[in-house]
């Protein structure tokens with residue numbers, strides 16, 4: 001069964017601990033980065049798992065279990081229904097869609113996210129984040145069996161997106177990288193051998209103010225982790241502690257016009273006019289606004305992997 005770790009603050013001190021239903025048991029060692037924890041902390045967290053809790057979860061401040069600097073790489077339209085909603089045929093995909101977010105976007109699992117003053121179409125995207133445990137510095141073919149060498153842990157990510165920047169401007173990096181736009185955690189689940197069979201059996205669920213907006217299972221991935229990391233290795237290095245966000249289920253707020261409509265509109269209208277109409281069409285959509293609270297969970301059906309609950313308040317700029 002996966003060991004569930006958290007990174008948390010008590011006063012000025014930031015520590016790691018093993019999470020259990022009874023609380024958090026602090027590790028004895030000091031690990032300033034996620035990479036140092038993954039490379040040197042196994043004996044420490046194994047020992048801590050057999051000790052009683054030292055902290056109650058509600059008495060500490062949860063921090064992102066992924067420390068910065070790091071790389072945040074992402075996949076787009078990687079769930080079947082989301083691909084269909086985006087005008088793609090998941091059974092006839094010509095390519096795996098990759099992009100990235102800057103690590104300035106990384107924040108804690110319960111930290112407030114500020115909606116920038118110029119953003120009206122703020123969207124949510126729950127994603128399973130794969131945590132890299134072995135550096136990738138050259139092209140490598142990763143199999144289902146060797147995946148366990150490269151992916152050692154999982155956590156929850158929310159790929160928060162400013163759609164009125166991302167889409168009209170074609171600015172994926174900018175529209176998805178404002179500060180706070182990548183809540184991570186609360187749990188870093190260290191995978192054991194048997195857990196890799198559960199990677200096809202994880203249910204993602206996201207609620208806004210208690211209303212279910214997104215849910216799907218990783219059985220509906222279009223591109224699986226081993227295949228995706230193999231392709232990534234042909235053009236990108238990854239270091240221990242970096243993350244790959246594996247795509248979001250259907251149910252996001254933005255409703256892009258079908259591809260045929262976009263092609264017709266582009267031919268008939270100046271592009272900036274088309275996107276102004278897109279924004280106007282979406283203004284009444286269920287986008288995130290100050291006062292909203294987003295909650296996200298990822299769990300296996302047998303409960304052996306439970307990444308906790310990410311809880312994100314949306315706030316206005318000060």
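The values are calculated or read from the model by the stated rules, or taken from the named source; none is laboratory data. All values reported here derive from a predicted model rather than from experimental measurement. So basically every Cβ, Gly included, is an ideal-geometry build from the backbone, and we count neighbours across all protein chains shown.
Quick notes on this structure:
- Residue in region 108-120 that is touching a helix residue (DSSP H, G or I) at 6+ places or on another chain (Cβ under 7 Å) and surrounded by 23 or more Cβ atoms within 10 Å (Cβ to Cβ) present: no
- Residues that are within 25 Å of the chain's Cα centre (by Cα) and in contact (Cβ under 8 Å) with a residue 24 or more places away in the chain within region 45-58 comprise 45, 57, listed in sequence order.
- Qualifying residue in region 31-44 (condition: more than 14 Å from residue 188 (Cβ to Cβ), part of a loop (DSSP other than H, G, I, E, B) and under 25 Å from the mean Cα position of the chain (by Cα)): yes
- Checking each residue in region 82-110 for being closer than 22 Å to residue 204 by Cβ and in contact with a strand residue (DSSP E or B) (Cβ under 7 Å, 6 or more places away or on another chain) picks out 96, 97, 98, 99, 100, 101, 105, 106, 107, 108, 109, 110.
- Residue, surrounded by the fewest Cβ atoms within 10 Å (Cβ to Cβ), within region 11-30, restricted to residues that are out of contact with any helix residue (DSSP H, G or I) (no Cβ under 8 Å at 6 or more places or on another chain) and part of a strand (DSSP E or B): 13
- Conditions (1) at negative phi; (2) without any contact (Cβ under 8 Å) to a residue 60 or more places away in the chain; number of the one not met by residue 275: (2)
- In region 163-194, residue nearest to residue 48 (Cα to Cα) [restricted to those that are more than 19 Å from the chain's Cα centre (by Cα) and in contact (Cβ under 8 Å) with a residue 12 or more places away in the chain]: 192
- Scoring residue 280 on the criteria (1) assigned to a loop (DSSP other than H, G, I, E, B); (2) at pLDDT below 95 leaves a single failure, condition (1).
- Residue that is at pLDDT 95 or above, touching a strand residue (DSSP E or B) at 6+ places or on another chain (Cβ under 9 Å) and surrounded by 17 or more Cβ atoms within 10 Å (Cβ to Cβ), where the choices are 157, 219: 157
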